[in-house]
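Here is the structure we will look at.
No value in this document is a laboratory result; all are computed from the given coordinates. All values reported here derive from a predicted model rather than from experimental measurement. Virtual Cβ from ideal backbone geometry, glycine too; neighbours counted across all protein chains shown.
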Amino acid sequence: MYDMDDLIQLSALQHFAFCPRQCALIHNEQVWSESLLTAEGRLMHERVHDERQESRRNLRIEFGVPLRSLILGLIGKADVIEFHRLEDGSWMPFPVEYKRGKPKADDVDKIQVCAQALCLEEMMNVHIANGALFYGRTRRREDVEFDSLLRSKTEEIARATHELIASGQTPPPAYSKRCDRCSLIEVCLPKTMQKKRTVKGYLSRMVNEP
Ligand code: SF4
């Protein structure tokens with residue numbers, strides 16, 4: 001169990017799952033770079049959070065819902081939580097996370113919505129089997145099943161993110177394809193920094209060689 005003072009932002013999990021260096025730059029070094037893509041994403045989230053509540057007979061929708069988990073040590077906000085009325089009259093939460101782009105091959109977005117579900121389970125003492133991701137570019141909603149694999153992956157990422165933030169360290173850059181989608185590429189300079197490290201390593205090997 002974490003103390004209230006030790007909670008980290010739920011969004012840090014998504015940053016860590018995408019790239020631990022990106023997570024450290026944002027959460028340890030408070031670096032943020034607004035690109036066209038992040039601005040579009042931010043506006044989309046703000047629009048969603050500005051809504052308040054919607055209600056139908058068997059469905060209630062709440063926007064910008066505060067979340068917290070002392071087990072995972074997380075605090076944050078969910079874009080949308082749908083509450084579906086069950087046969088026994090109770091309401092089952094169903095988190096829906098809004099994303100600007102399109103579905104991706106990795107689990108980064110799924111981990112974020114799964115972390116929201118784990119927070120809700122702890123807050124409301126329920127078991128949530130499914131949630132969804134809504135993608136702005138395709139205007140489609142993808143269902144996400146919170147199976148045991150996704151749950152353990154999310155818990156593992158939460159632990160690793162806590163360790164990284166507590167260490168205060170920023171891992172060195174390692175250029176890969178994901179860097180081309182990263183809003184921090186201009187700050188991180190993965191290709192230049194990697195080359196510098198290689199040159200530094202070469203010079204130090206030369207100096208130290210007998
Ligand atoms: S540019 Fe690449 S290495 Fe640097 S933070 Fe982004 S994803 Fe990570």
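Phi angles across the range 167-184 convert, under the Karplus curve 6.51 cos²θ - 1.76 cosθ + 1.60 with θ = phi - 60°, into 3J(HN,Hα) values of 6, x, 8, 10, x, x, x, 9, 5, 8, 4, 4, 4, 5, 9, 8, 5, 9 Hz, Gly and Pro given as x.
For PHE146, the residues 5 or more places off, or on other chains, whose built amide H falls under 5 Å of its own are ASN130, GLY131.
Rounded to the nearest 20, the size of the Cβ-charge dipole of the range 4-171 about its Cα centre is 600 debye, with Lys and Arg at +1 and Asp and Glu at -1. The simple Förster model, with R0 at 30 Å and r as the Cβ-Cβ distance, assigns VAL126 and GLN169 a FRET efficiency of 0.20. Mean sequence separation of contacting Cα pairs (under 8 Å, at least six apart), scaled by the length of the range 4-171, corresponds to a relative contact order of 24 percent.
Shape analysis of the range 80-159 places it in the oblate category; the axes a ≥ b ≥ c from the Cα gyration tensor give an a/c of at least 1.5, with a/b not above b/c.
Under 5 Å between amide hydrogens, built in the peptide plane, is the criterion, and for LEU67 it picks out GLY76, LYS77, ALA78 among residues at least 5 positions away or on other chains. For the range 77-174, a crude dipole built from +1 on the beta carbon of Lys and Arg and -1 on the beta carbon of Asp and Glu, taken about the Cα centre, is about 620 debye to the nearest 20. Using a simple spin-label model with pseudo-atoms 7 Å out from Cα toward Cβ, ARG85 and SER152 lie 3.9 nm apart. Which net charge results when you count Lys and Arg as +1 and Asp and Glu as -1 among the other residues whose beta-carbon is under 15 Å from that of GLY168? So the surrounding residues net to -2.
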